[in-house]
């Protein structure tokens, strides 16, 4: 097991290397620079600016310098918001996004699995049909349609919930309800379908029949025997779900005007704020890669066959 | 004799008509009502999209300043615009009755613009236009914008899928067939690319090649296609690996068939089912991705429209003019629904063992 963990951990290094290198060169070969948006900048000023940010050096030197800084955890100054460093900008926006993302992930896992269990145990009855219809809606309707429609119904027409961050008409908790529900809906739907299908499969497995034959009650069979086997696909879906929540939060944060890292990302991409874009790509990738790593380890514990492959 | 050739004999020595995989799958698909409905809706959308230039609908770029933000109606636009204008006058009047005397000049203005509109419309032929889905903030027909937006969205879905399938199939097939060290290397590359947050890379690509706030649709195609072949490559590789040691491949090899011939003539036709399932299910996901980018302002830009950019425009004005959000959102959702049901149905039909899998 330890060997498996170490091997998986070592394989993270090339991924992170590729991400840093790719994002650095991708952005540097792009037409237009961070200062090209500013009209009528005198040549001398431009040259000084480039000198200040070491952009007059050969590309390779810039790359090595950047790589070294990143390893030290320093993402440099922001080109656009000149008074603050990238680290400060990200530190300000990060907690909001983490709160939103983890709430959405928790919500989708808890509700997804519960609904999946209920549908599977009531297969082809009204509970199943209702749940699976909701799940298809969750998968088919994009986040950026769900978000505005929920806003339209619950905030504007009914007036039950605050429409966006900052308009705290109710308590502090309520501002997050709509964005969290919006963000979690597609993942909830997918997890519900996934766990329903895998529970249905496990219910027919031999070891479940054995458990029943021993005379165990149905609730014990489900809770002890079915669930553990059925949760494996859900665990392996957590990695992609996490990636989806990261991209989903870009849309949800812009729909609900949440000052999180997703909005900062879109703005920095539009502004060509090189250092900020790279920092965000690296942080998002690191989160994603670490999440995938954790998922693999959990999977290895749940299903030891994987670790010895 | 020729007739007997395509008859087979079953284990009870009865003559049976052999059923091909495709005929069998078609039969199974026909039993699945939702999938069939999905198929017809998809075909309908495709026909409307292709035929859009010859359909009797307004030009999707035509700006009509007289008919801004008209609600959906079956009446001629002239009537709708006038009733909207008189509603506006009533609204101001009732506020004045409530004691808002500062609104008196606004009332005069509203009345003047009502009279102007009336005299304008009496000479204009556009007064007879009918906007059954209303108009947007520039007086453009929502119906035709939604149709043309759908054209772009569906085109992106189609082109993205074709590219992803081509790259993914060739990559996966070569990797799976060659095996060994090359396979290892090729799959490591796929693994590393899987680790990339690919939507972020697409966003960077779109932002990079954006000129003065507008991005080219061509870059969008490339950006989406570049990152989307990975799953297909993995799936095809798995299929090829499980097939490559079967007898028919050995037979082909023993007769001197080249590697390319074995891959393209013997192995790939046997994985066609999986490829089709993947392709059908990836069209909606491409459309979602494109709309996602357009929603963030990084995708299709004006005067072109896609479902994503229409939803974005609608969401910005949904409080006063909800139809501007609901019309494109409904069109897009119905299409995505249909494609998802069709894809699920195709999977059940072509690969019955996978039934009940999520």
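Miscellaneous remarks
- For B:84, A:218, B:79, B:313, order by how many other beta-carbon atoms lie within 10 Å, fewest first: A:218, B:79, B:84, B:313
- Taking every residue in A:183-195 and counting other chain Cβ atoms within 10 Å of its Cβ, the average works out to 1.
- Angstrom value of the Kirkwood radius, inverse mean 1/r, which spans all Cα pairs in the range A:186-278: 16.2 Å
- On Cα atoms only, tilt of A:43-52 relative to the major axis of chain A in degrees: 50 degrees
- Based on Cα atoms of the protein assembly as shown, Rg over Rh with Rh as the Kirkwood radius reads 1.01.
- Springs join every pair of Cα atoms under 10 Å in this Gaussian network model of chain A, and among A:289, A:264, A:70 the largest mean-square fluctuation is at A:70.
- Exercise: per-residue mean of other protein chain Cβ atoms within 10 Å, B:304-313: 1
- The range A:217-232 versus the range B:50-74: alpha-carbon centroid distance in Å: 57 Å
- Selected from A:154, A:94, A:24 as most flexible by GNM, with chain A as the system and alpha-carbon contacts under 10 Å: A:154
- For chain B, averaging the sequence separation of C-alpha pairs within contact (under 8 Å, six or more residues apart) and dividing by the residue count gives a relative contact order of 24 percent.
- Per-residue Cβ neighbour rank within 10 angstrom, fewest leading, B:20, A:78: B:20, A:78
- Taking every C-alpha pair closer than 8 Å and separated by at least 6 residues, the mean separation divided by the residue count of chain A gives a relative contact order of 26 percent.
- Take the Cβ atoms of residue B:250 and residue B:166, set R0 to 25 Å, and the FRET efficiency comes out at 0.35.
- Average other protein chain Cβ within 10 Å of Cβ, residues B:321-328: 2
- Using alpha-carbon coordinates, inclination of helix A:59-71 to the longest axis of chain A, degrees: 50 degrees
- Folded to 0 to 90 degrees: helix B:307-316 orientation relative to chain B principal axis, Cα: 30 degrees
- Mean separation of Cα pairs under 8 Å and 6 or more residues apart, divided by the residue count, gives the range B:186-338 a relative contact order of 19 percent.
- By the beta-carbon count within 10 Å of each Cβ, the least crowded to most crowded order of B:26, B:323, fewest first, is B:26, B:323.
Each reported figure results from applying straightforward, stated rules to the coordinates on display, with no laboratory input. Computed from a prediction, not measured in an experiment: that's the story for all the values here. Heads up, the Cβs are rebuilt from the backbone with ideal geometry, glycines too, and the neighbour counts pull from every protein chain shown.
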